[in-house]
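The values are calculated or read from the model by the stated rules, or taken from the named source; none is laboratory data. Being a predicted model, the structure only gives us computed values, none of them experimental. Cβ atoms come from the backbone with ideal geometry, glycine included; neighbour counts cover every protein chain shown.
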Amino acid sequence: MSEQNAQSEAAGPPVGSGGPGPSARAAGRQFRLVDLVDPEILQSLQDGFAELTRTAASIRDDQGRLVTRPSRSNRFCELLGGPLHQSEACDLSNYAAATAAAKGADVPIKYVCHAGLIQFAATIRLDGQLLGTIVLGDLPEKPLTRSQVADLAHEHGVDEKALWEAARELQPCCDEDMRADISFLQLLANTLTRLCYQQAVLKERVEELTLLSETSRLLSSTLDPDRVLDNIVRTMAEVMDVKACSLRLLNEEGDELVIKATHGLSPDYLKKGPVLVAENPNDQNALAGRVITIPDMRTDPRVRYPQEARREGLVSSLAVGLIAKGKPLGTLHIYTGEPHTFTPDEIRMFRSVADQAALTVWNSQLVEEIARARGQQMELALASRVQRRLLPAGPPTIPGYDCFAVTYPSQQVGGDLHDWVKLPEGNWGLAVGDVVGKGVPAAILMAGVLAALRAQAEHIYALDHIMGRVNRSLAETTEITEFATLFYGVLDSDARRLTYSTAGHEPAILLRDGRVRRLSVGGPLLGVDSEADFKYDVVDLAPGDALVVFSDGACDAMNYESERFGRERFLESVRRNADYGAERMLREILWDIRRFAGLAPRLDDITLLVVKVL
């Protein structure tokens, strides 16, 4: 951020109000009651309440219109207002009740309707917004007189005798019963308010996840480097609803940030001069993973080009580094055209999209490297190096566990993968996958699967959602003949619990006291059916347990007699070596496979991952 200077924030900026981001828009939305709670749920709650109190009840919106069917409606009210109490007099009465309740803060309001019946109304609110009214009552304080009934029958054109008979069925309400009913009424109103709040929060999160999923799809829709960068700045400006966006990448020497793509910025503004990292502390902080905010670029004394920002119409700014696999690639900036304090939700959304953008840039750069290679040997050598960079350099250190994993391609590059994904609160993601094919095409597809998995795993915690989104991303961006298998699990290291799902992959093995349990819950291959569903399972772990995840190459290894190593030999090898540590156990299993195959060429990639519970 050469043209700017501001405080850098590792954990996000101070909380502000308002803003252009999607969460801010959702929070300011004017909800209706039926937007938040299903009418059938409202009806069920209302019916149960009415039966409990033996009192007529209905729920109306903020304008006094019925949302539900009246419960325990009496014949007297139906003669005057119809089955749904929608006569003009009833509408006016209920509108007056709703208005009175809206002015009555959080306490029920007592009023007398046009027919002389007592009713109580309590509001349903969400963050101060009136959503609706619960109405209870339709009972007289004392029996109606014959003359009152006659006047009502004449006014509404109703048969006097029938109305009188219905009036005699009404039981006057007593103060003690009504006080109890009021307490129940207020409890129900508060319960519905909490339901509404939970629904509103859930809607915001669903909209945010949907937006992130769509953003991921847009960012990964092409591997052409120039189009990738243009997609990033355009998508970021649309997602954050801001005036402009710019993306700069580090040059080969790593000392200058070069503009690569912009959205909403003029050529004149981009000609301010070179952006040297050593001269810009904010760029250094952004490349180190901190979020940089500027409230007003026009007046901040540390902004290098305030006049240019003023002419361009730029006011507030937010910037973050593009970092993939711990390597800084460049910086991403967004700009507003008016003063704005970015909220924590907007910061979180910006970082999430920026993380996906960084992985997209990383993958596009890898593809560009491969495309520049000349000759098959050079191409294979480069692809092999790229693949080694994508795979973990070594196992993680997890207290209480012993971990190890290896991937051996059958050729110089292959389609197997494994990964360790560090997650919050002591959780670790464990992945083993196998993509169709071999060589460079398989390596590229493998990179796409890894990028999609990492982008989803860091921001979504439901395994069925992660697998579904990775599947959709693969199905929408690959050929019909390209697919992959995947085992993905999340290890809760403190609770000693594994949550997993497998997509067409060889079932993992959980070995306990010599007994084998196959972990096979999941779904179909990735990339075949974009609408496929995936299930997950939860396994409690115990000291001494050994989890072994492997690709099919471990069982498909063949000797010169074309005999497969097979699952039974593999399971026997796992049992025989179960007393060793993770690395020794894994290498002994590999040695058993190699000893069986002898000097026969390896036809498929082999991946093994072992986690032992200490």
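The figures follow:
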{"quantity": "Contacts under 6 angstrom Cβ, first residue in the range 153-174 being assigned by TED's automatic domain parsing to the domain that holds Cys77 and closer than 17 Å to Ile118 by Cβ, partner in a helix (DSSP H, G or I) and of a type in the set (Lys, Arg), 6 or more apart", "calculated": "Ala166/Arg75"}
{"quantity": "Residue check, Gly400 at pLDDT 85 or above, small (Gly, Ala, Ser), surrounded by fewer than 19 Cβ atoms within 10 Å (Cβ to Cβ) and more than 23 Å from Leu322 (Cα to Cα)", "calculated": "yes"}
{"quantity": "Among (1) out of contact with any Leu (no Cβ under 7 Å at 6 or more places or on another chain); (2) of a type outside the set (Gly, Ala, Ser); (3) at pLDDT below 80; (4) under 30 Å from Asp38 (Cβ atoms), the one test that Asp175 misses", "calculated": "(4)"}
{"quantity": "Condition broken by Arg454, with the remaining ones in (1) touching a Pro at 6+ places or on another chain (Cβ under 9 Å); (2) farther than 20 Å from Ser520 by Cα satisfied", "calculated": "(1)"}
{"quantity": "Qualifying residue in the range 545-564 (condition: surrounded by 18 or more Cβ atoms within 10 Å (Cβ to Cβ), in a strand (DSSP E or B) and touching a Gly at 6+ places or on another chain (Cβ under 9 Å))", "calculated": "yes"}
{"quantity": "Residues located in the range 266-276, provided they are within 38 Å of the chain's Cα centre (by Cα) and without any contact (Cβ under 8 Å) to a residue 60 or more places away in the chain", "calculated": "Ser266, Pro267, Tyr269, Leu270"}
{"quantity": "Elements of type helices (runs of 4 or more DSSP H) in the range 21-117, at least 3 residues being modelled with pLDDT of 80 or more", "calculated": "39-53, 75-81"}
{"quantity": "Check on Val291, touching a helix residue (DSSP H, G or I) at 6+ places or on another chain (Cβ under 9 Å), in contact (Cβ under 8 Å) with a residue 40 or more places away in the chain and farther than 19 Å from Leu229 by Cα", "calculated": "yes"}
{"quantity": "Test: Gly468 is farther than 30 Å from Glu583 by Cα, modelled with pLDDT of 85 or more and not charged (D, E, K, R)", "calculated": "yes"}
{"quantity": "Odd one out for Val149, checked against (1) buried (at least 21 other Cβ atoms within 10 Å of the Cβ); (2) free of Cβ contacts under 8 Å to residues at least 24 places away in the same chain; (3) assigned to a strand (DSSP E or B)", "calculated": "(3)"}
{"quantity": "Residue match in the range 554-568 (condition: within 20 Å of Asp419 (Cβ to Cβ) and over 25 Å from the mean Cα position of the chain (by Cα))", "calculated": "yes"}
{"quantity": "Condition met for Phe565 (touching a helix residue (DSSP H, G or I) at 6+ places or on another chain (Cβ under 8 Å), within 24 Å of Pro409 (Cβ to Cβ) and of a type in the set (Phe, Trp, Tyr))", "calculated": "yes"}
{"quantity": "Residues within the range 520-538 that are in a loop (DSSP other than H, G, I, E, B) and without any contact (Cβ under 8 Å) to a residue 60 or more places away in the chain, tallied", "calculated": "9"}
{"quantity": "Residue list for the range 471-507, restricted to those being at pLDDT below 90 and hydroxyl-bearing (Ser, Thr, Tyr)", "calculated": "Ser473, Thr477, Thr478, Thr481"}
{"quantity": "Positions within the range 294-315 being without any contact (Cβ under 8 Å) to a residue 60 or more places away in the chain and touching a Gly at 6+ places or on another chain (Cβ under 8 Å), in sequence order", "calculated": "Val315"}
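Yes/no matrix, rows are residues, columns are (1) at positive phi; (2) loosely packed, with under 13 Cβ neighbours inside 10 Å:
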{"residue": "Ala244", "(1), (2)": "no, no"}
{"residue": "Arg248", "(1), (2)": "no, no"}
{"residue": "Leu257", "(1), (2)": "no, no"}
{"residue": "Lys260", "(1), (2)": "no, no"}
{"residue": "Gly264", "(1), (2)": "yes, no"}
{"residue": "Asp268", "(1), (2)": "no, yes"}
{"residue": "Pro274", "(1), (2)": "no, yes"}
{"residue": "Asp283", "(1), (2)": "no, no"}
